[in-house]
1. Neighbouring Cβ atoms within 10 Å as the yardstick, rank Ile194, Ile184 fewest first.
2. Assuming a ≥ b ≥ c are the square roots of the Cα gyration tensor eigenvalues, decide whether the stretch 47-207 counts as rounded (a/c under 1.5), prolate (otherwise, with a/b larger than b/c) or oblate.
3. By counting other Cβ atoms within 10 Å of each Cβ, how are Arg124, Arg89, Arg169 ranked from fewest to most?
Amino acid sequence: MKSVSFFFLICFLIFSQNVFAQQGEDSLRIDESINIPPYKNLKKGALTFSLNGSANNSEQKAGWSLTPQAGYLIADRLVVGLQLSIANRFSKERRSWASLKPGGVKEYAFTPEVYARYYLLPFRFTPYFQLSTGYNFGKFTARDDFFDRKISVSTNNYVMFGAVGLSVRVGKYMGLQAQYNLPIIVDSQKNEMIRDNRFRLGLSFYFK
């Protein structure tokens, strides 16, 4: 009987030792995961690729815009790079926008820019600020049915935008972003369309 009790005592001690050892390993893993920021890929030397866009549709007009970006982190959470904004809109109904028939008014813009973006926090959920500047190449065209002629106006102009945004990491290398653009140097007459593209949604990818 003593030998059986002694055997069970030995088994209990071995089991207890394994349980405490496992708990210690789990605690170590938790501590390590806490110390590793979710945005660890936003370190100096990493690459980022983003695509954001917007769309609008009303009774009078419809349009869309897309902006792909490629950037390089020159410091932790500080990205500089190039972006290319493409925008388009057109009239939809007669006696609406500019009182012309559907499709009578068309406008497009092609804007290469340099940008800088700074993520405020090294966490999964982080706001950011962005500044971009470049040159807009655009054209506004309208069909005048009364005089049977086509009117075309260039909207080329230097532009600068500020932006505030919010980024949420949803994977190891991917994040979602929402951004609100603030025109700083944008001609209110020539560049009305790109001034109106304020709220944007997009995806970002991070590679170290």
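Taken together, the values in this text are just the output of simple stated rules run on the coordinates, not laboratory data. Quick caveat, the model's predicted, so the values are computed rather than measured. When we count neighbours, we look across all protein chains shown, and the Cβ atoms used for this are built from the backbone with ideal geometry, even at glycine.
1. Ile184, Ile194
2. Working: a/c = 3.06, a/b = 2.20, b/c = 1.39.
Cα axes put the stretch 47-207 in the prolate bin.
3. Arg124, Arg169, Arg89
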